[in-house]
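The values are calculated or read from the model by the stated rules, or taken from the named source; none is laboratory data. Owing to the predicted nature of the structure, the values given are computational and were not obtained by experimental measurement. All Cβ positions, glycine included, derive from the backbone under ideal geometry; neighbour counts span all protein chains shown.
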Amino acid sequence: MDKNEISNLLKNARVMIVDDDITTLTLIERFVKKLGYAGIAFQDSQDAFARIDEVNPDALLLDYLMPNLDGYEFCLQLRQQKKWQNLPVIFITAMETTDTLVRVFEAGANDYIIKPFNPRELGVRLRNMLELSLIRRKLDEFGRTMQQQVEERTHQLVHADRLATLGTLSAGIAHEINNPTTFISSNLQTLELFWATVEKLLLSVEDNEGDFTRKVEFIRNEMPPLIAGMKNGVTRIHRITNSLKTYSRKEKIEKAVFDLRDATTNTMELCRNAIKKCGLNIDRIEPETPVMIDGDQQQIEQVLVNLVVNAADAMCDCETPSLSLTLDTSASEATYTLTDNGPGVREAILDKIWDPFFTTKAVGKGTGLGLSIVRSIIENHDGSIVADNIESGGLEFIIRLPLLKE
Ligand SMILES: Nc1ncnc2c1ncn2[C@@H]1O[C@H](COP(=O)(O)OP(=O)(O)O)[C@@H](O)[C@H]1O
Ligand SMILES: [Mg+2]
């Protein structure tokens, strides 16, 4: 804190004065005001004690001898309140005996001044006390802010660390699962071919047992959906492992120059099923001229597909599900705004939706990887993405991407 800052703080300092002798009280009050502080005077010490919270002083000038509640008791009781433990208290006393001074300090005083006092001495002592107290208060405030910041930052670091570990872990798992899945997948293709031959063989066998034909019929009915089911399962496993790999991929993206409007068009095509299934109406607004960026078009499409599919999922129960998809540009940025009219996200989980594996969907329906992939793709493109609920209900995503430099 520099001198200027201190004198600014001092300008607003509030000094409470308590003295039963009206002449001294008025004198001190006038003097305190002359020094540039706000002086609040009390003749009745009990009244002063009752109203100290309301006055909220930065320093207290206290007479020692007073009826009812004397300075000693006043200070002693004041110090029992946590709030006033550090308030600078200067005693004004007519008795300069060692005994009195010891009692004054025992009661919790910071300083004393002898009556009749020298105004300049009072001025200097008061100023010293106020400076110390204001600096202490600033330090306390600073300490509290620092502690808060350290706590927040630790929380963020732990979170980031957890996500990084999760990334490495999932890349490893994805790799391990991919290998056996690949041979299941190729064996399935062979099985499908074999089945065609086996089916023919079965049909050519003479029926000499009564229920043979029935059994063959049963197997012929069951086999195709069984194989289809397995293929479906394998495709899903592949989809998940691919997501995991994208999520944990740290390497640079393959960049090329492309028009974001093309990415939007392809997205609409890729999401056709989801859009049709929930009867989603999409309002697409974009500039008439190309919006060129340097990036990975397929990945940007992956981002948009994820957001559109999420919106469709969220609005399935809405009467008129609609999504507005606006592409806009400024001098250096392209901005996508996707606003749906679904239920939005509860405030308590708004920042969790980006976490890998966070999903509110039924088991088997969501992987919870969509948005974490979305975010890592956008960040790899030096862009940013945020989500917020809008007032009319629904969720809004805003994506910013740097435009291609001319
Ligand atoms: N448009 C949206 N409206 C409401 N909730 C959404 C929307 N988009 C995402 N969410 C919430 O974010 C969660 C995480 O999304 P995501 O990472 O894509 O995983 P998943 O779709 O597999 O659940 C969803 O389960 C859902 O709760
Ligand atoms: Mg999703």
* Structure fact -> By residue number, the members of segment 296-316 that are in a loop (DSSP other than H, G, I, E, B) and at pLDDT below 90 are Cys316
* **Selection count, segment 40-94, where residues are buried (at least 17 other Cβ atoms within 10 Å of the Cβ) and over 16 Å from Asp20 (Cα atoms)** => 9
* Checking Leu404 against (1) within 20 Å of Pro287 (Cβ to Cβ); (2) within 13 Å of ligand 2 (Cβ to nearest atom), which single condition isn't satisfied? -> (2)
* Structure fact -> Per the list (1) surrounded by 20 or more Cβ atoms within 10 Å (Cβ to Cβ); (2) more than 16 Å from ligand 1 (Cβ to nearest atom), residue check on Lys255 breaks on (1)
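Just give me the residues in segment 269-279 being part of a helix (DSSP H, G or I) and either under 15 Å from Asn380 (Cα atoms) or not polar (S, T, N, Q) (or both), in sequence order.
Across segment 269-279, the qualifying residues are Glu269, Leu270, Arg272, Ala274, Ile275, Lys276, Lys277.
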* Out of (1) over 29 Å from the mean Cα position of the chain (by Cα); (2) over 27 Å from Arg236 (Cβ atoms), what's the single condition that is false for Phe194? -> (2)
* Leading residue by the ranking (nearest to ligand 1 (Cβ to nearest atom)) among those in segment 325-381 that are part of a helix (DSSP H, G or I) and surrounded by fewer than 18 Cβ atoms within 10 Å (Cβ to Cβ) -> Ile349
* Asked: Looking at this structure, is Ser384 in contact with a Leu (Cβ under 7 Å, 6 or more places away or on another chain) and surrounded by fewer than 21 Cβ atoms within 10 Å (Cβ to Cβ)?
  -> no
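Any idea which residue in segment 296-324 is nearest to ligand 1 (Cβ to nearest atom), counting only those that are of a type in the set (Gly, Ala, Ser) and free of Cβ contacts under 8 Å to residues at least 60 places away in the same chain?
The selected residue is Ala312.
Checking the conditions here, which among Ile293, Ile282 is more than 9 Å from ligand 1 (Cβ to nearest atom), surrounded by fewer than 21 Cβ atoms within 10 Å (Cβ to Cβ), part of a strand (DSSP E or B) and not assigned by TED's automatic domain parsing to the domain that holds Thr165?
Unique residue meeting the criteria: Ile282.
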* Asked: So, of the residues in segment 204-225 that are of a type in the set (A, V, I, L, M, F, W, C) and at pLDDT below 85, which turns out to be surrounded by the most Cβ atoms within 10 Å (Cβ to Cβ)?
  -> Phe212
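State yes or no: is Ile377 within 14 Å of ligand 2 (Cβ to nearest atom) and either over 25 Å from the mean Cα position of the chain (by Cα) or at pLDDT below 95 (or both)?
Spelling it out, Ile377 is indeed within 14 Å of ligand 2 (Cβ to nearest atom) and either over 25 Å from the mean Cα position of the chain (by Cα) or at pLDDT below 95 (or both).
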* **Residue under evaluation Val345, criteria (1) out of contact with any Cys (no Cβ under 6 Å at 6 or more places or on another chain); (2) closer than 14 Å to Val374 by Cα; (3) within 14 Å of ligand 2 (Cβ to nearest atom), criterion not met** => (2)
